[in-house]
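We did not get these values from a lab; they are worked out from the coordinates using the rules stated. Every value quoted in this text rests on a predicted model; they were computed, and no experiment measured them. Backbone-built Cβ (ideal geometry, glycine too); neighbour counts: all protein chains shown.
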Amino acid sequence: MGLAIQRLMGTCGTRCLEDSVEVVVFGSMSVCLERKDSDLDLLCFRASSFKFKNRQIDLIGMHRDAQEGSLWLSSELASHVVAYGIWIKGSCTWAADVRVGDRAIETKRRRIAAFIKALPSAWHSLDETFRLKYSIKLRRETQRLILMEKGTPIPPTRALDEFWDDISGGPESVHNRVREFTTSSSGFFTRDLLARIDASFGTCKRGHTGTNTSFLRTNNVGQPPMCMVPTEINGGPASGDGKRDLLSDKREP
Amino acid sequence: MTEEGKKLRRPSQKVLNVIVDGLDEIDSYVPFPRRLATESEEVTANPEGELSAEDEDESGQYCEDNDGDRRTEYFDREEMEVALDAFLSALVNAGVIKKSRQGKLPSFSEVFIKFFGQDHELTKKAQSFEDFVEGYFGWISPEDMQRAHEEFLEIYESVKDAARSASNT
């Protein structure tokens, strides 16, 4: 995999990987849930921070001192990486210190509340594309919040879309949680948003019964990282902007 | 970017009017500092612009109360995201832009690249606006919001002037 990554990243990216003390594959590819157009998510720790992104690779280079900081250890991304990441260079020495922190949970709550505050007045004028975008975004963010509050690591976005029953017991919890955020919103907006969220669960779940979901980590974070190599390439449509949501705290030091 | 993409363009009056409508959408959803400053002026300044008695505390120092809070207020990035999508929706509804084959719509600055060209001054201002409102950890600082608003006003006035000129010709 290292050689393949080097081919995709060119000289500059390759040097970044060589300089790194740890390189981790995370996101959909680390659990064989990638789609045809998924990119490869890489996290590395090195002497200075670095970013690289093209259509095939999204690399976050963090300063190696950051891995001992409480901001990183309590972040959403750290819990995801520890639970689902695959180390292709170095090994994880900080897994035991990772816990989803109050700050990360509060950030997630604030984000959902901010969207729900801004959306009602714009809902009528937004194109259908955007109403769909926000209903999916709010559903996924609420799913992440529910998991974070339980101390459960956030799985790749596709798992939120397709295996929520296996992760957290059904769509009602998400419906009810979104409803709590919309108590002061207009009736039409709330009804339309909740109907779309409920419908998106129905659409996502169909056709995936019988899929092996043993990769899911429903226990608390702080467990030793996985050591496996993805072998299967899955097809299907893109998962939208979920990765950006998952990585909303990726710029933490 | 191809040479064709860099070339300066002159959009039609219809397109210019729709962009103005879209910018109005942004202005209606985002509490730009201008509006807050206007409100605070009404509260804290007399017609000559001098501070009134209520603005000074007992020691004669400027009182930071409500006015001070507003000046240090951070803005939700999410609010800006919704406003930018309302802008794009106005353009979609008017049939001025449409989704790509991959089902994607252009960003705010890509709209300006499409209609004015990569090297146009307005495109640069649109890119600068996007940079200012990108935010950090979901927040936009008051300073960045102020700069974003300055860029926004310049874009708005330029597009409006261009629409006016197009209608005169």
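See the values below:
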item: Among residues of the range A:121-155, those that are in contact with a Ser or Thr (Cβ under 7 Å, 6 or more places away or on another chain) and not in a helix (DSSP H, G or I), counted; result: 6
item: Within the range A:122-131, considering residues that are more than 7 Å from every other protein chain (Cβ to nearest Cβ) and out of contact with any Leu (no Cβ under 9 Å at 6 or more places or on another chain), the one nearest to B:L105 (Cα to Cα); result: A:E128
item: Unique residue being hydroxyl-bearing (S, T, Y), under 15 Å from the mean Cα position of the chain (by Cα) and within 21 Å of A:D97 (Cα to Cα) when the list is A:S38, A:S28, A:S75, A:S70; result: A:S75
item: Members of the range A:163-193 that are touching a Gly at 6+ places or on another chain (Cβ under 9 Å) and either charged (D, E, K, R) or not in a helix (DSSP H, G or I) (or both); result: A:P171
